[in-house]
Amino acid sequence: MSFETIAGEIRGHLMNFAGLGYRVKFAFDEGGVLLLDGTATPPTLSEEDADADCTIGISEDNAVKLMNGQLNPMLAYSMGKLKIDGSVGVALKMASMLEG
């Protein structure tokens, strides 16, 4: 799955993040950034490399596994497959919104 496909998948589920109240940046190991703005109504997704409350560093392959439910976010974090810069609480809130 390519960067564009991952962005499309997230765009298809943006309404899941209504009420998130934070900006979350995904920084992919292969290059590229996606910024999910959960403060906007409706939530938006862009390729802007701007300030965020939480930055999640991950490979495209592991991002796909997370979206498909093949990789647990907590396990990925503990194994170093997912890095969090900024608020871990925001990342946990986002994970719970994905599960819901």
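How far apart, in nm, are the 7 Å Cα→Cβ label points at Ser59 and Met79?
The two pseudo-label positions are separated by 1.0 nm.
Sorting check: for 8-17, 35-44, which peptide has the highest mean count of neighbouring beta carbons within 10 Å, and how do the rest follow?
35-44, 8-17
Convert each backbone phi in segment 75-89 into a coupling constant with the Karplus relation 6.51 cos²θ - 1.76 cosθ + 1.60 (shift: θ = phi - 60°), then list the ³J(HN,Hα) values in order as whole Hz, x for Gly and Pro.
Residue by residue, segment 75-89 yields 5, 4, 5, 5, 8, x, 7, 9, 10, 10, 10, x, 6, 5, x Hz.
Along segment 54-67, what does the Karplus equation 6.51 cos²θ - 1.76 cosθ + 1.60 (θ = phi - 60°) give for ³J(HN,Hα), rounded to whole Hz, x for Gly and Pro?
Rounded to whole hertz, the list is 8, 10, 10, x, 7, 7, 4, 4, 6, 4, 5, 4, 5, 5.
Given a Förster distance of 25 angstrom, what is the FRET efficiency for Val88 paired with Thr5, based on the Cβ-Cβ distance and rounded to 0.05?
Plugging the Cβ-Cβ distance into 1/(1 + (r/R0)^6) gives 0.35.
Per residue, how much accessible surface does the chain expose to a 1.4 Å probe? Answer in Å², no decimals.
Averaged over the residues of the chain, the accessible area is 55 Å².
Run the accessible area of the chain with a 1.4 Å probe and give the carbon-and-sulfur part as a rounded percent.
Here carbon and sulfur together make up 51 percent of the probe-accessible area.
With a 1.4 Å probe and all protein chains in place, put Lys25, Lys83 in order of accessible area, largest first.
The ranking, largest first, comes out as Lys83, Lys25.
Can you work out the Karplus-derived ³J(HN,Hα) for every residue in segment 30-45? Use 6.51 cos²θ - 1.76 cosθ + 1.60 with θ = phi - 60°, whole Hz, and x for glycine or proline.
Those phi angles translate into 7, x, x, 9, 10, 10, 8, 9, x, 8, 7, 10, x, x, 10, 9 Hz.
In µm²/s, what is D for the chain at 10 °C and 1.306 mPa s, where D = kT/(6 pi eta Rh) by Stokes-Einstein and Rh is the Kirkwood radius from Cα pairs?
Roughly 119 µm²/s, to the nearest whole number.
Relative contact order for the chain using alpha-carbon pairs under 8 Å, separation at least 6, rounded to a whole percent? Display every interim value, and only then the final one.
Details: 158 pairs, mean separation 25.8, N = 100.
Normalised by residue count, the contact order of the chain is 26 percent.
The values are calculated or read from the model by the stated rules, or taken from the named source; none is laboratory data. Every value quoted in this text rests on a predicted model; they were computed, and no experiment measured them. Because the Cβ atoms are built from the backbone with ideal geometry, glycine has one as well, and the counts that use them run over all protein chains shown. Ligands, DNA and RNA are excluded from the accessible area calculation, which covers all protein heavy atoms including side chains. Shrake-Rupley method; radii C 1.70, N 1.55, O 1.52, S 1.80 Å.
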